[in-house]
Amino acid sequence: MRELGHDDIEQVSRLSQLSFGYRSETAPSELRGMFGIDGADGRLAAMARVRSYEQLWGGRRVRMGGIASVAVHPDARGQGHASVLMRSLLPLMRSAAQPISALFPTGVGVYRPVGWEVVGSLDDTRIATRDLQPAGPPGAVQVRSAGPSDAATVAALYAGLGLNGLLTRDGEEFPSAEEALLEHDVVALAELDGSAVAYATYARGSGYREGSELRLRDFVHRSAPAAGALLRSLASWSTVAPTVLWRGPTTGLGLHLSRAVPPPVQSQPWMLRIVDAVAAVAQRGFLPDVDADSAFVLFDPDVADHCRPWRLRVTGGSGVLEELTPAADLPVLHVRGLALLYAGAADVAALLRAGLIDRPVPGLDAAFSAAQLPQILDYF
Ligand SMILES: CC(C)(COP(=O)(O)OP(=O)(O)OC[C@H]1O[C@@H](n2cnc3c(N)ncnc32)[C@H](O)[C@@H]1OP(=O)(O)O)[C@@H](O)C(=O)NCCC(=O)NCCS
């Protein structure tokens with residue numbers, strides 16, 4: 001595997017368009033974080049990109065390698081190129097201090113054998129716009145369109161969400177986050193007594209009859225009245241946009257509506273891999289009132305440094321994973337099981353049923369206890 005550079009732009013552009021089925025007149029201008037494998041004929045056979053993100057876990061930032069643009073030329077498929085590529089990215093991410101990695105798979109079969117596991121999904125749900133109308137009269141929260149001077153306020157509301165898994169939307173992958181925010185057709189900002197308490201971003205879509213649809217991106221609120229005011233502003237579109245395509249979880253939304261939210265019309269699962277377990281535990285936060293202590297052997301087919309006995313201690317909101325001197329008869333935890341625990345997407349009982357741990361480990365559930373499933377609201 002080699003890092004791709006300026007000379008590869010044309011091949012990368014062709015392989016992307018072929019693999020993902022779009023046409024573009026303009027080639028990518030840079031190949032930052034792109035790696036590839038050349039075939040025997042010297043042409044680019046496989047490629048992948050590692051994006052440099054930070055994800056929130058337990059309220060702290062954890063550096064995350066976001067894998068995107070994985071593609072193998074049709075002539076080179078079924079020969080193990082994708083596996084080699086993913087395995088080769090692991091030491092790179094470790095040396096780039098990215099202890100975890102996430103990706104949106106088109107097929108989990110490629111990534112599961114190399115240690116990624118499905119821990120969440122980014123859903124789109126189609127909801128009748130009129131069903132968003134909250135019961136009761138409007139309250140004191142006012143909704144207005146945000147302008148350039150509100151960008152930092154909106155970013156702070158997003159950051160305040162604090163959900164596990166959220167991308168921090170800053171750093172090199174979000175070079176102009178404030179400008180991007182204002183590119184949405186509507187950025188609705190809700191205020192109470194002049195203080196921002198909620199916002200929603202959405203695309204208006206086209207037309208004004210059947211089939212016209214708002215495409216909601218963010219819906220962030222700090223209180224029930226703030227949510228109600230925003231929902232009222234969304235529902236006001238019902239005469240010209242009969243549906244809203246709602247991106248992201250709807251569990252919270254459902255608590256504000258008098259009708260059940262329909263099931264998603266599209267789900268994009270995402271997978272997590274623990275690339276460097278010691279750093280992944282050290283960087284994240286844990287629940288402050290948890291005290292946990294557990295020991296296990298980690299099994300990882302692709303990261304030799306992981307394959308040893310470990311002691312995990314969590315106290316005061318922080319965790320540490322320390323190497324244990326070899327001890328006989330410790331439970332064995334698969335690295336995919338660790339990804340599920342880390343994300344709060346499964347407990348030890350579920351790992352036992354999935355064969356990702358060979359016997360119960362006291363303390364593990366307490367250490368990673370999560371109140372809700374993790375969320376990424378940005379597709380990459
Ligand atoms: C998906 C793709 C990257 C696989 O590349 P590849 O080099 O043929 O894959 P490999 O030969 O390395 O196979 C690796 C593993 O994935 C599995 N796999 C390969 N293609 C698969 C598919 N379409 N569905 C499910 N599993 C698949 C293989 O069985 C193998 O599993 P194993 O290690 O247990 O034997 C390639 O088919 C491709 O470019 N497809 C179009 C673009 C795309 O889907 N990219 C992925 C974006 S997330």
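Numerical summary
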item	result
Projected area averaged over orientations for the chain, convex hull of C-alpha atoms, nm²	21.5
The stretch 221-273-the stretch 153-181 distance, computed between alpha-carbon centres (Å)	20
In Å, descending, principal axis extents of the Cα set of the stretch 19-80	47, 31, 19
Choice from 170, 365, 347 with maximal GNM fluctuation in the chain (Cα, 10 Å cutoff)	170
Principal axis dimensions, largest first and in whole angstrom, of the stretch 1-116 by Cα	45, 30, 25
Per residue, the convex hull volume that the Cα atoms of the stretch 208-270 enclose (Å³)	103
Distance in nm between pseudo-label sites at residue 349 and residue 265 (7 Å out along the Cβ direction from Cα)	3.7
Footprinting exposure proxy for 172, 191 (fewest neighbouring C-beta atoms within 10 Å first)	172, 191
The stretch 292-319 and the stretch 195-209: distance between their alpha carbon centers, rounded to Å	44
Rh by Kirkwood over Cα pairs, then Stokes-Einstein D for the stretch 222-362 at 0.692 mPa s and 37 °C, µm²/s	178
Value of [θ]222 nm, deg cm²/dmol, for the chain, DSSP H segments ≥ 4, -39500 (n - 2.57) each, nearest 500	-6500 deg cm²/dmol
Segment residue 112-residue 14, length gained on full extension (0.36 nm per residue, minus Cα span)	32.6 nm
Assigned charges on the beta-carbon of Lys, Arg, Asp, Glu; the chain dipole about Cα centre (debye)	720
Descending Cα extents along the principal axes, the stretch 68-178, whole Å	62, 33, 25
Volume per residue of the C-alpha convex hull in the stretch 261-338, rounded to whole Å³	142
Among 70, 187, 261: highest mean-square fluctuation, GNM of the chain, C-alpha pairs under 10 Å	261
Whole-Å distance, taken between Cα centres, linking the stretch 78-109 and the stretch 1-53	16
Footprinting exposure proxy for 332, 244, 143 (fewest neighbouring C-beta atoms within 10 Å first)	332, 143, 244
As computed over the stretch 304-380, the Cα convex hull volume per residue (Å³)	135
Additional length obtainable on full extension of the chain from residue 6 to residue 128, 0.36 nm per residue less Cα span	39.2 nm
Most mobile of 339, 367, 203 in a GNM of the chain (Cα contacts under 10 Å)	203
Distant alpha-carbon pairs in the stretch 123-274 (separation over 22 angstrom), percent	41
Sequence of 213, 10 once ranked by neighbouring C-beta atoms within 10 Å, starting from the fewest	10, 213
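Read-outs: derived from the displayed coordinates by stated rules, not from any lab. Owing to the predicted nature of the structure, the values given are computational and were not obtained by experimental measurement. As a convention, Cβ positions derive from the backbone with ideal geometry for all residues, glycine included, and neighbour counts pool all protein chains shown.
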